[in-house]
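Here's the structure we're looking at; comments come further down.
Just so it is clear, none of the values below were taken in a lab; they were calculated from the coordinates. The model shown is predicted, which means the values in this text are computed figures rather than measured ones. Neighbour counts run over all protein chains shown; Cβ positions are idealised from the backbone, glycine included.
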Amino acid sequence: MPLSSRTLRPAPAAPLDGNVREGGLDLIHRPRRNRKSDWSRRLVREAALSVDDLIWPIFVMAGEATRSPIPSMPGVERLTVDEAVRAAVHAAELRIPALALFPYVDPTLRDPAGSEALNGQNLVCQTLRAIKKEVPDLGLITDVALDPYTSHGHDGLLDEGRILNDETVDVLVRQAVVQAEAGADVIAPSDMMDGRVGAIRAGLDAAGFQDVQILSYAAKYASAFYGPFRDAIGTAKTLSGAKRTYQMDPGNGLEALREAALDVDEGADMLMVKPGLPYLDIVWRLKEAFGLPTFAYQVSGEYAMIEGAARQGWVDGERIMLESLIAFKRAGADGVLTYFAPRVAKLLAKG
Ligand code: PBG
């Protein structure tokens with residue numbers, strides 16, 4: 001029920017001398033009462049963050065027993081498959097519901113068509129199999145897009161500077177099926193091609209994967225906040241040109257509703273908004289409009305800004321981390337993809 005206008009109306013203005021008592025104003029409404037003590041603040045808190053809200057994105061690379069730091073994402077490392085399995089075990093112990101996997105693909109395996117995306121033995125597929133074997137009950141989400149695999153760093157096929165939509169969708173459908181075969185529970189198309197959700201749904205169903213969910217990056221903006229991620233997957237240097245012909249313009253809100261409506265029609269099970277904090281209005285609008293499970297991605301640049309400032313001692317990193325995550329919940333998100341996931345999960349477990 002919306003707050004009644006009666007409740008919101010300020011107390012009627014009384015003549016000044018009638019309104020002033022000894023000891024203070026004669027106020028009817030004193031919102032501060034509910035904030036007076038910790039127990040009361042906890043009792044009336046509207047949004048809560050729990051470990052069930054967390055999706056942990058991790059980066060995988062070839063090799064063995066190695067972790068390599070990503071300088072623009074302090075505290076985050078690329079993991080070899082065996083290390084990714086250890087991270088997955090850790091995530092399960094912390095009760096984090098799901099991981100999202102992103103590969104750093106060896107540059108020699110990248111080509112203009114992103115063919116390695118369709119190799120059933122590629123890094124993501126190897127990681128899926130290895131984790132499923134060890135921790136079968138952990139949710140595994142895979143990104144569908146070609147950028148880790150293309151020599152030009154774009155999410156789709158490129159023809160004389162133009163990203164080809166329909167040809168790309170054909171490849172993405174095959175990529176999704178390859179990932180499902182290797183054990184992906186959730187396919188998350190992040191490419192922003194038109195029509196890909198419907199095509200992927202049909203492709204998965206035809207291959208017998210009716211139960212594989214689709215988490216659509218319904219509203220993904222052409223954002224500078226992805227900078228550190230591109231360092232992590234090694235596309236920062238190779239990316240030629242911007243992604244503005246397929247990712248959304250940061251000035252648009254209604255267009256996000258339209259994008260999401262299409263994805264819902266095409267069979268998306270869950271929606272995502274990305275980046276996160278700068279686009280909380282979009283999270284709110286999509287949740288209000290569709291009521292589907294809606295997630296926000298606190299992307300690499302958001303992580304880097306918080307963690308970078310915290311490491312300088314300029315802000316209280318732990319408090320900012322928690323405050324930024326509760327903001328997503330307040331805005332209506334059902335969960336958040338965040339690089340802080342294991343740290344937050346540990347804190348929440350301590351209570
Ligand atoms: C690629 C993809 C990107 C991210 C997730 N999937 C980057 C991009 O579109 O360039 C960004 C995530 C982050 O910044 O943490 N399709």
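A simple charge model with +1 on the Cβ of Lys and Arg, -1 on the Cβ of Asp and Glu and nothing else charged puts the dipole of region 25-134 at about 900 debye relative to its Cα centre.
Between 0 and 90 degrees, the angle of helix 300-312 with respect to the longest Cα principal axis of the chain falls at about 60 degrees. Take the Cα of Lys237, step 7 Å toward its Cβ, do the same at Asp159, and the gap between the two points is 3.1 nm. Going by alpha carbons, how many degrees (0 to 90, nearest 10) lie between the helix axis of 254-265 and the longest principal axis of the chain? That helix lies at roughly 60 degrees to the long axis.
Both the radius of gyration and Dmax for region 222-299 are 13.6, 39 Å, in that order, over alpha-carbon atoms.
Label reach from Met305 (point 7 Å along Cα→C-beta): in region 230-257, amide nitrogens under 19 Å belong to 230-232, 248-253. Cβ crowding within 10 Å, taken as a proxy for footprinting-reagent exposure, orders Val76, Val81 from fewest neighbours to most as Val81, Val76. The angle between the Cα long axis of helix 341-350 and the longest principal axis of the Cα atoms of the chain comes to about 40 degrees, rounded to the nearest 10.
Considering only Asn165, Leu215, Leu204, the residue lying farthest towards the positive end of the dipole of region 111-242 is Leu215, judged by Cα position with unit charges set on Cβ. Largest first, the three principal axis extents of the alpha carbons in the chain are 81, 41, 37 Å in whole numbers. With the simple spin-label model, which puts each label point 7 Å out from Cα in the Cβ direction, the Lys133 to Arg33 separation comes to 6.3 nm.
Counting lysine pairs in region 47-350 that sit 8 or more residues apart in sequence, or on different chains, and whose Cα atoms lie under 16 Å apart gives 7.
The distance between label points at Asp211 and Ala289 comes to 3.3 nm (points 7 Å beyond Cα on the Cα→Cβ vector). The charge dipole of region 47-350, taken about its Cα centre with unit charges on the Cβ of Lys, Arg, Asp and Glu (plus for the first two, minus for the last two), comes to roughly 860 debye.
Between Ala62 and Glu93, what length in nm is gained on full extension when 0.36 nm per residue of separation is reduced by their alpha carbon distance?
Going from the current span to full extension adds 8.7 nm.
Please report Asp26, Asp38 as a ranked list, fewest other C-beta atoms within 10 angstrom at the top and most at the bottom. It would help to have the intermediate numbers written out before the result.
Working: Asp26 11, Asp38 8.
The order, fewest Cβ neighbours first, is Asp38, Asp26.
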